[in-house]
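Here the structure comes first, spelled out in structure tokens, and everything after it is commentary.
Every number in this text was worked out from the coordinates using simple rules, so none of it is lab data. Just so it is clear, the model here is predicted, and its values are computed rather than measured. With ideal geometry, Cβ positions are generated from the backbone for all residues, glycine too; neighbour counts draw on all protein chains shown.
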Amino acid sequence: MSTGYQINDQEGLYYLTFQIVDWIDIFTRQVYRDIVIESLRFVIENKNLNVFAFVIMSNHIHTIMQSSTGELSNTIRDFKKFTSKRIIETILSTPESRREWMINRFGSNARQHTRNQIFQVWTHENHAIYLYGSEFIRDKIEYLHDNPVRARLVEKPEDYLYSSARFYAGLDCLIPIVDIGLPWKTI
């Protein structure tokens, strides 16, 4: 069933949301956020993915991305598949107080879809919104960067380590960001 949020232009600029099934707050733990950061670095360096903005929240990730090879859907699929496997491996191999509950939820979600094997970590949707026009792009970047402020994690967007707001504020960022060339502002 189509949701209307499809990636039709494989080279286009998209605002994407990757959501953990059942809104499980997995990214409250640094170890899982770091899996995402490591994986983003890999796809940037090896799959020619351009990341213009990102934020990792407790149970979802917002990004603005574009593939210079015209394979955005494939790159996202590979990213989600790899991070899913690494997250499950990490849950099973490191101390995790929520292990049994999370494994049960990820297993239950997998059984609801024929395209899953044993576990489903990410929802199948990416909520892809094609971006055009500088004002629309700026609005999406500001929305994305303001997520940690609205969640009351930080006072200013650039104070949140797992966000590209740091790059746009002239600070060190955890992954290489492509400057979209729009003026930066904080709340």
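If you take all other residues with their beta carbon under 14 Å from the beta carbon of MET57, and give Lys and Arg +1 and Asp and Glu -1, the sum is +2. Against the chain, whose longest principal axis is taken from its Cα atoms, helix 30-46 shows a tilt of about 60°. Per residue, the average separation of C-alpha pairs within less than 8 Å and at least 6 apart gives the chain a relative contact order of 29 percent. On a 0 to 90 degree scale, rounded to 10, what angle separates helix 134-150 from the longest Cα axis of the chain? Taking Cα atoms only, the helix is inclined about 50 degrees. Spatial offset of the range 1-54 relative to the range 108-151 amounts to 7 Å, using the alpha carbon center of each.
Against the main long axis of the alpha-carbon atoms of the chain, helix 72-93 sits at an angle near 50°. The charge dipole of the range 14-168, taken about its Cα centre with unit charges on the Cβ atoms of Lys, Arg (+1), Asp and Glu (-1) only, comes to about 420 debye. Pairs of Lys residues in the range 14-168 are counted when their Cα atoms are under 26 angstrom apart and they lie 8 or more places apart or on different chains; the count is 7. Taking 7 Å steps out from each Cα toward its Cβ at ASN8 and LYS156 produces label points 4.1 nm apart.
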